[in-house]
Amino acid sequence: MLEPVSEAECRRLTVNVNCDFQIVVDSRLNQPVNAFQSRDGTGRPVITFTLALIADARNSDELAFVMAHEAAHHILGHLDRQERNAMAGALIFGGLASATGSTTTLESAQRLGAFVGARSYSKDFELEADELGTLIAARAGYDPLVGARFFGRIPDPGNRFLGTHPPNAERFQRVEQTVARLRG
Ligand SMILES: [Zn+2]
């Protein structure tokens, strides 16, 4: 049920984007609890779950929420936006270094810049994906508030600078706000 709703939302919200989601399970036993979105060579969106994640999920609401979150990353174009941010970061930091000095500084500044650029936006992306993920999961008949309890069990990244994920409490709050808006 979640897949057709994700595809319908994708078609409603995007133009010229491949909305034919493929769901893949990484069956290697040594992989950590993880889910992620990528694209295959033809641009088809792929959502991968590890076995550990499936084993860790307590109910279908949690699995649906994780999948809706990953589908939302694709619908919101986060992979492309992340690449552009990384490039902009490299240019800004590279510009600073070339004003001061040598090529080695320039190269390492560009690497650092790409790292900062790629990381510093991803907290916002995560919260955006939680918000749209909440809408998709609810529309598909799952309870996003139950589903988002999954965050409560994964390690909380806290509020570290350059952390790739927002604190779990912040994510749960975003889900609650979105659900309140849906019901209001
Ligand atoms: Zn995410």
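Tabulated results
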| quantity | calculated |
| --- | --- |
| Cα-only radius of gyration and Dmax that characterise region 18-63, units Å | 11.6, 34 |
| Relative packing of 47-54, 61-68, 12-19, which averages over residues the other C-beta atoms within 10 Å, highest first | 61-68, 47-54, 12-19 |
| Sparse-neighbourhood loop sites, trypsin sites (Lys or Arg not before Pro) in region 58-87 - DSSP loop, at most 13 other Cβ within 10 angstrom | ARG58 |
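Just so you know, all these numbers are worked out from the coordinates, no wet-lab data involved. All figures in this text were calculated on a predicted structure; none of them were measured in a lab. A quick note on method: Cβ atoms are made from the backbone with ideal geometry, for glycine too, and the neighbour counts reach across all protein chains shown.
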